[in-house]
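One structure is given here, and the rest of the page talks about it.
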Amino acid sequence: MTAPPFSVDETDHLWIGMADGTRLAARLWRPRTDGPVPAILEYIPYRKSDMVRARDERNHPYFAAHGYACIRVDMRGSGDSEGDMPDMYALAELDDARQVINWLAAQPWCNGRVGMFGTSWGGTASLQASVDAPEALKAVIGVCATHDRFEDDIHYMGGCVLSDTFEWGATLPSILASPPTPHAGSDWKDRWRRRIENLSCPLENWLREKGRGTYWRHGSVIHEPDRLSVPILVVGGWSDRYSNSVMSLVDARPDLVWGVVGPWGHQYPDHGAPGPAMGFQHLALEWWDQWLKPDHPAPPDWPRLRAWLREFDPPHDTLDQRAGTWIESDPPILATTVIEHPLLDLASTPAPWAVPNDPQIGLTSGDTGYFGRAGGLPTDQTRDDARSLVFETAPLDQDLVIFGAPSLSLVAKVNGGPATLVARMSDVDPQGGACRISYGVRNLALDDALDQPDPPLMDGVSQVMMTLHSTAYRVRKGHKLRVAVSDSLWPLIWSSGSAGHIAIETGTLSLPVLRDGVRNLQVPLPEPEDLPAQKSHTIVAAPQLERWSKTSDTHSEVGWHQPETRIAYHQIDSVFGYTTRMVHQQDISDRVTERVTVDHSMTFVRPDGTASVVVDLQAQSAEGGPQVHITLHAKWDDEVIGQRTWVIPSAAGS
């Protein structure tokens, strides 16, 4: 391996002042050189000092050693930064990002050109910054980022509440309520107290905003693609909840967006699982070199979209490697044609078709997205399919390559709403195993734009359009394509409590397929590298995640527990630890009652003492929607620093 061209100087803490006097905390890596260089920004609320310190050190020192000034900034109200955070993607957060970009461009060690990147929240913040971008921002990379906060985030799917939003509703307050380090000043403990006193509970907003209105459109760049103004590399994974953004953004702006979507879940793809992983840092460096270093940059000679073409994997909740191969497309929307399959041709009985009313369907669906938790992938769909309404092809007489977002156009009759419709599309091999390809959900009280009509669409006959998750998938000759329809997907989707009865009168399955066949990837993607070579942390404990499932005719329980994971950071002589336990319960009688509990804790062992933050969340079905109770306790050694309680009435989720 060739040595990088620059040595790197690191500044563990510096301040960046905002116009209102608030200071944001940052960590900086700079190449040792006399001349100015481009700057690269990562901007997230995940505590530069400890929480993702090891992950930061995989990326920033590498870019700095290749000629970039790299900075990691804690968002307002998080880590060592000052201020408070009222919600995700608040106006102050977006404005702060623009101010940081301009601050970077004005530094004497910067040549005035700035790039921005991140994964998840950081990737989404990068996409948001590219809307009417500041002059200094020249290119961004969004990894596992959402372009549509209502439909392709952790909160809702098809207008239905995702149960995982309760986990995030417990985790985010614990992150924001964690203590500043002494970098924040000698009064860091007083600042910690004030932060807890002012702490918001964003879950209340998420449950209150039940349709794709102004709240969710804010910060969702897919609703204003014409305002994207800098080159964007968007990277995702088919096992991730956020994977739709890749194809969607390349389709929306093929002049400005390049995409890579692999088999992995919600993580930087150098640690991508299921594999094969990809050398993210090498690909990103090519991107930065293309846009940030030349005086007159030109677009890279890349295909617009590089995608992992999946094939049948024997379904299992954990996979090291996905079956398939890399392909490329230029651009995806021009490479496909649509094949329509009337459901009548795929059904074994004449229409109308009653959708089974079974609240336990969904136990084979795995997690909402693969967030690195062992055992989170969907398993064999056969159990859930046997309880669902099924449409199925005969064995295929040739391979079928699906490339894009499948959809279902249905005429459905609903009685006794509210009602939810779920569709799962699977590849069935000759032995009968069913590997899920894609799926979609629709709250039938919303219109096709997922807005709330007035009055709500409850009863009667409706034309329903369901768009399934985008995919690149080859169904082999001799396999069958199956669509299973149900009115539940538990525990992924929070139960409506009293589902209406649904009958499908007619419908069509539309499949986007490659028009001119598969074009294999011409230039291989870089292989992952174990970075950095010299690590400044040690994983003290990483116990295996535990899962369980107990079901009967009247009660079901599904849960997982991550025992305490601890990471020691040698440079700062500190140990960061966390543990989470989440349990879903369902009682079935005349009415379905659902409960979710989340217990999340974080610990920070420092030379000056030990901090702990514990959050307990309980959500339960009630008239009008979930009712939620959250408690937060923060301690420094044996001293209570702060306590908070939030009660979200069921009306917020009605």
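Filter segment 226-247 for residues that are touching a strand residue (DSSP E or B) at 6+ places or on another chain (Cβ under 9 Å), surrounded by fewer than 24 Cβ atoms within 10 Å (Cβ to Cβ) and part of a helix (DSSP H, G or I) and give the result.
ARG227, ASN244, listed by residue number.
Taking into account only those residues within segment 188-208 that are charged (D, E, K, R) and in contact (Cβ under 8 Å) with a residue 12 or more places away in the chain, which is farthest from LEU91 (Cα to Cα)?
Only one residue tops the list, namely LYS189.
How many residues does segment 98-137 hold that are surrounded by fewer than 20 Cβ atoms within 10 Å (Cβ to Cβ) and part of a strand (DSSP E or B)?
Residues that pass the stated criteria total 3.
Could you please find all residues in segment 601-654 being of a type in the set (D, E, K, R) and at positive phi?
Within segment 601-654, ASP637 is the sole residue that qualifies.
Can we say GLY185 is free of Cβ contacts under 8 Å to residues at least 40 places away in the same chain and closer than 30 Å to THR631 by Cβ?
Considered against the rule, which asks whether it is free of Cβ contacts under 8 Å to residues at least 40 places away in the same chain and closer than 30 Å to THR631 by Cβ, GLY185 comes out as yes.
Have a look at ALA307, ALA277, ALA298 and point out the one that is buried (at least 18 other Cβ atoms within 10 Å of the Cβ) and assigned by TED's automatic domain parsing to the domain that holds ALA105.
ALA277
PRO173 fails exactly one of the following numbered conditions: (1) over 28 Å from GLY259 (Cβ atoms); (2) part of a loop (DSSP other than H, G, I, E, B); (3) out of contact with any Pro (no Cβ under 7 Å at 6 or more places or on another chain). What is the number of that condition?
Among (1) over 28 Å from GLY259 (Cβ atoms); (2) part of a loop (DSSP other than H, G, I, E, B); (3) out of contact with any Pro (no Cβ under 7 Å at 6 or more places or on another chain), PRO173 violates only (2).
Take the residues in segment 514-539 that are assigned to a strand (DSSP E or B) and either modelled with pLDDT under 95 or not aliphatic (A, V, I, L, M) (or both); name whichever of them is surrounded by the fewest Cβ atoms within 10 Å (Cβ to Cβ).
ASN520
Say we look at segment 462-516 and pick out the residues that are over 30 Å from ARG595 (Cα atoms) and among the small types (Gly, Ala, Ser); which of these is nearest to the chain's Cα centre (by Cα)?
The residue in question is SER470.
Starting from segment 431-448, take each residue that is assigned by TED's automatic domain parsing to the domain that holds SER388 and part of a loop (DSSP other than H, G, I, E, B) and list its partners that are modelled with pLDDT under 95 and among the β-branched types (Val, Ile, Thr), counting only C-beta distances under 7 angstrom and pairs at least six apart or across chains.
So the pair list comes out as LEU444/VAL414; LEU444/THR420; LEU444/VAL464.
Please determine, by comparing only the residues of segment 157-202 that are small (Gly, Ala, Ser) and more than 29 Å from the chain's Cα centre (by Cα), which one is surrounded by the fewest Cβ atoms within 10 Å (Cβ to Cβ).
SER186
So which residues in segment 1-48 are of a type in the set (Ser, Thr, Tyr), within 29 Å of LEU172 (Cα to Cα) and either in a loop (DSSP other than H, G, I, E, B) or out of contact with any Leu (no Cβ under 8 Å at 6 or more places or on another chain) (or both)?
Those that are of a type in the set (Ser, Thr, Tyr), within 29 Å of LEU172 (Cα to Cα) and either in a loop (DSSP other than H, G, I, E, B) or out of contact with any Leu (no Cβ under 8 Å at 6 or more places or on another chain) (or both): THR22, TYR43, TYR46.
The values are calculated or read from the model by the stated rules, or taken from the named source; none is laboratory data. The model shown is predicted, which means the values in this text are computed figures rather than measured ones. Note that each Cβ is placed from the backbone with ideal geometry, even for glycine, and that neighbours are counted across all protein chains shown.
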